[in-house]
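> Mind having a look at this structure? Questions to follow.
The values are calculated or read from the model by the stated rules, or taken from the named source; none is laboratory data. Everything numeric in this text was worked out from a predicted model, so none of it was measured. Don't worry about glycine lacking a Cβ; one is built from the backbone with ideal geometry, like all the others, and counts go over all protein chains shown. Accessible surface is based on the protein model in full, side chains and every heavy atom, while ligands, DNA and RNA are left aside. Shrake-Rupley method; radii C 1.70, N 1.55, O 1.52, S 1.80 Å.
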Amino acid sequence: MAARLELEHVSHRYGGDAPALEDLSLAVEPGELVALLGPSGCGKTTALKVVAGLLRPTSGDVRVGGRSVVGTPPERREAAMVFQKPLLFPHMSVARNVGFGLKMRKAPKEEAESKVHEALRRVRMEGFADRPPEELSGGQQQRVALARALVTEPKLLLLDEPFSALDANLREEMRELVLRLQREGGHTTVFVTHDQEEAVVLADRIALVFEGSLQMYDEPQAFYDRPATREVARFFGATNFIEGRTENGSVRTPLGELRLASAAPPGGVTLTIRPEAVRLEGGENSFRARVLSASYLGTQVQYELGTDQTTLRAALPPHVRLAVGDEITARLPPESLWALRA
Ligand code: ATP
């Protein structure tokens with residue numbers, strides 16, 4: 001049964017000067033999958049441990065299903081956590097590992113056996129019940145860890161970079177598994193990752209955290225289309241920033257008057273546009289530029305385009321071949337420009 005999770009003004013300080021988490025507030029709806037995303041050391045694991053009850057926040061509240069759980073010990077929080085390393089008991093079979101939580105709760109034997117079987121089936125590991133963990137691959141061990149988390153039917157599923165140690169193909173397979181489990185079980189899930197692509201693929205919403213503070217909490221697409229700050233835009237791969245001033249509905253910039261599809265804030269602004277949104281054509285918001293450099297990246301070619309005033313990056317499909325020194329016309333489509341307050 002899924003529950004709503006709320007963090008309210010949660011801060012945590014380990015003892016040093018800088019808090020690991022600072023005034024973090026966010027709500028995860030029942031059955032929603034939220035990715036907690038950010039660079040290494042930004043406080044993601046700390047936040048997850050606070051939710052799981054492995055850490056008591058220095059201040060703030062954590063509520064599950066509307067009830068504060070700050071004083072509730074981890075084993076009574078109905079939250080299951082999966083870590084980067086599977087942490088299976090080496091001397092127990094796969095089935096006993098998965099059933100451990102049920103045994104602790106003194107579930108009747110037959111019921112426990114059937115739940116273990118079902119959990120292993122859900123992660124496609126039913127043929128491995130009697131194996132010791134050491135005879136499993138890293139990906140299989142992580143599937144068992146997922147089964148162990150699911151078997152107690154937790155209200156919250158907390159995943160701490162569970163696939164970061166796996167190779168790229170396996171990681172993709174495991175992401176699909178998590179999405180399938182999520183669809184089937186409808187758990188309220190928090191997934192910690194430093195991988196922006198992983199967050200985008202998996203999450204209903206992304207909570208982006210830098211240095212313990214929430215920067216933006218929204219659907220994945222919003223991080224590309226409407227980044228909250230320059231840093232957020234940069235984290236999501238935007239590299240073009242154009243300084244300007246909003247005047248009479250458009251923005252005066254070194255590239256000329258640029259029109260935006262959305263209203264720009266008044267005064268000084270920084271416009272951002274993703275390299276792949278830059279077009280090679282004339283029309284509204286177009287300007288002349290020279291190709292300064294070209295880097296072939298397989299699926300695209302990245303160009304640096306220079307005008308007398310500024311340089312911009314453009315990413316174009318490989319069949320468009322420009323040579324360094326070419327004079328071209330480029331256009332910044334109004335719907336791809338986003339204005340940040342300078
Ligand atoms: P990573 O992606 O590298 O796992 P993270 O975003 O999960 O990082 P945390 O592990 O939550 O980050 O750490 C946040 C900050 O708190 C870091 O500056 C870290 O050094 C510090 N920290 C974490 N655990 C402890 C601890 N037990 N004692 C003191 N400081 C800690």
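> Looking at (1) in a helix (DSSP H, G or I); (2) closer than 23 Å to E335 by Cα, can you tell me which one E198 breaks?
Tallying (1) in a helix (DSSP H, G or I); (2) closer than 23 Å to E335 by Cα, E198 fails exactly one: (2).
> Taking A3, is it within 16 Å of the ligand (Cβ to nearest atom) and of a type outside the set (D, E)?
no
> Moving on to the next point. Given (1) open to solvent by less than 50 Å² (accessible area, probe 1.4 Å); (2) on the phi < 0 side of the Ramachandran plot; (3) away from the ligand (no atom under 16 Å from the Cβ), identify the lone condition not met by A261.
So A261 meets the others, but not (1).
> How do the pairs read when you match residues in the stretch 1-21 that are on the phi > 0 side of the Ramachandran plot with residues anywhere that are open to solvent by less than 60 Å² (accessible area, probe 1.4 Å) and within 16 Å of the ligand (Cβ to nearest atom), using Cβ under 6 Å and keeping only pairs 6 or more apart or on different chains?
Note: pairs meeting the criteria are H9/G60.
> Is it the case, given these coordinates, that E173 is in contact (Cβ under 8 Å) with a residue 12 or more places away in the chain and among the charged types (D, E, K, R)? It would help to see each step written out before you state the result.
Working: in contact (Cβ under 8 Å) with a residue 12 or more places away in the chain: yes; among the charged types (D, E, K, R): yes.
Against the criterion (in contact (Cβ under 8 Å) with a residue 12 or more places away in the chain and among the charged types (D, E, K, R)), E173 qualifies.
> Among the residues of the stretch 202-210, is there at least one that is among the small types (G, A, S), at pLDDT 95 or above, in a loop (DSSP other than H, G, I, E, B) and surrounded by 21 or more Cβ atoms within 10 Å (Cβ to Cβ)?
Checked the stretch 202-210: at least one residue is among the small types (G, A, S), at pLDDT 95 or above, in a loop (DSSP other than H, G, I, E, B) and surrounded by 21 or more Cβ atoms within 10 Å (Cβ to Cβ).
> Additional query: Of all the residues that make up the stretch 3-30, how many are open to solvent by 40 Å² or more (accessible area, probe 1.4 Å) and of a type in the set (G, A, S)?
The qualifying residues number 4.
> When you check P227 against the structure, is it surrounded by fewer than 19 Cβ atoms within 10 Å (Cβ to Cβ) and assigned to a loop (DSSP other than H, G, I, E, B), yes or no? Don't jump to the end; show me each part of the working.
On the way: surrounded by fewer than 19 Cβ atoms within 10 Å (Cβ to Cβ): no; assigned to a loop (DSSP other than H, G, I, E, B): yes.
Spelling it out, it is not the case that P227 is surrounded by fewer than 19 Cβ atoms within 10 Å (Cβ to Cβ) and assigned to a loop (DSSP other than H, G, I, E, B).
> Which of (1) open to solvent by 10 Å² or more (accessible area, probe 1.4 Å); (2) touching a residue at least 40 places away in the same chain (Cβ under 8 Å); (3) out of contact with any strand residue (DSSP E or B) (no Cβ under 9 Å at 6 or more places or on another chain) does V94 not meet, given it meets every other one?
For V94, the failing item is (1).
> Can you spot a residue in the stretch 131-138 that is free of Cβ contacts under 8 Å to residues at least 60 places away in the same chain, in a helix (DSSP H, G or I) and either under 19 Å from R171 (Cα atoms) or outside the structural domain of T188 (by TED's automatic domain parsing) (or both)? Give the derivation first.
Going residue by residue through the stretch 131-138, those that are free of Cβ contacts under 8 Å to residues at least 60 places away in the same chain are 131-138.
The next check asks that each one be in a helix (DSSP H, G or I); those that pass are 133-135, 138.
Applying the additional criterion that residues be either under 19 Å from R171 (Cα atoms) or outside the structural domain of T188 (by TED's automatic domain parsing) (or both) yields 138.
Looking for residues that are free of Cβ contacts under 8 Å to residues at least 60 places away in the same chain, in a helix (DSSP H, G or I) and either under 19 Å from R171 (Cα atoms) or outside the structural domain of T188 (by TED's automatic domain parsing) (or both), one finds at least one in the stretch 131-138, hence yes.
> Being buried (at least 23 other Cβ atoms within 10 Å of the Cβ) and of a type in the set (G, A, S) is the filter here; which residues of the stretch 116-144 pass it?
Within the stretch 116-144, A119 is the sole residue that qualifies.
> Based on what the data block shows, is L33 open to solvent by less than 50 Å² (accessible area, probe 1.4 Å), touching an Asp or Glu at 6+ places or on another chain (Cβ under 8 Å) and in contact (Cβ under 8 Å) with a residue 40 or more places away in the chain?
yes
> Continuing with this model, one more query. Looking only at residues that are open to solvent by 10 Å² or more (accessible area, probe 1.4 Å) and in contact (Cβ under 8 Å) with a residue 12 or more places away in the chain in the stretch 158-170, which one is farthest from the ligand (Cβ to nearest atom)?
Here is the first cut: in the stretch 158-170, the ones open to solvent by 10 Å² or more (accessible area, probe 1.4 Å) are 160-161, 164-170.
Subset that is in contact (Cβ under 8 Å) with a residue 12 or more places away in the chain: 160-161, 164-166, 170.
On the way: D160: 7, E161: 7, S164: 8, A165: 12, L166: 16, L170: 20 Å.
Result: L170.
> Looking at the stretch 18-54, which of its residues are more than 22 Å from R67 (Cα to Cα), among the small types (G, A, S) and under 16 Å from the mean Cα position of the chain (by Cα)?
A35, G38, S40, G41, G43
> I've got another one for you. Here are some residues: L271, L258, L305. Which one is touching a strand residue (DSSP E or B) at 6+ places or on another chain (Cβ under 8 Å) and free of Cβ contacts under 8 Å to residues at least 60 places away in the same chain?
Just a single option satisfies the conditions, and that option is L305.
> Given the stretch 21-88, what strands (runs of 3 or more DSSP E) lie entirely inside it while holding 3 or more residues that are within 16 Å of the ligand (Cβ to nearest atom) and closer than 21 Å to T193 by Cα?
Output list reads 21-28, 33-37.
> Is it the case that E184 is modelled with pLDDT under 95, over 19 Å from the mean Cα position of the chain (by Cα) and either open to solvent by less than 10 Å² (accessible area, probe 1.4 Å) or over 27 Å from T46 (Cα atoms) (or both)? If you could, list the steps in order and put the result at the bottom.
Values: modelled with pLDDT under 95: yes; over 19 Å from the mean Cα position of the chain (by Cα): yes; either open to solvent by less than 10 Å² (accessible area, probe 1.4 Å) or over 27 Å from T46 (Cα atoms) (or both): yes.
Yes: the conditions hold for E184.
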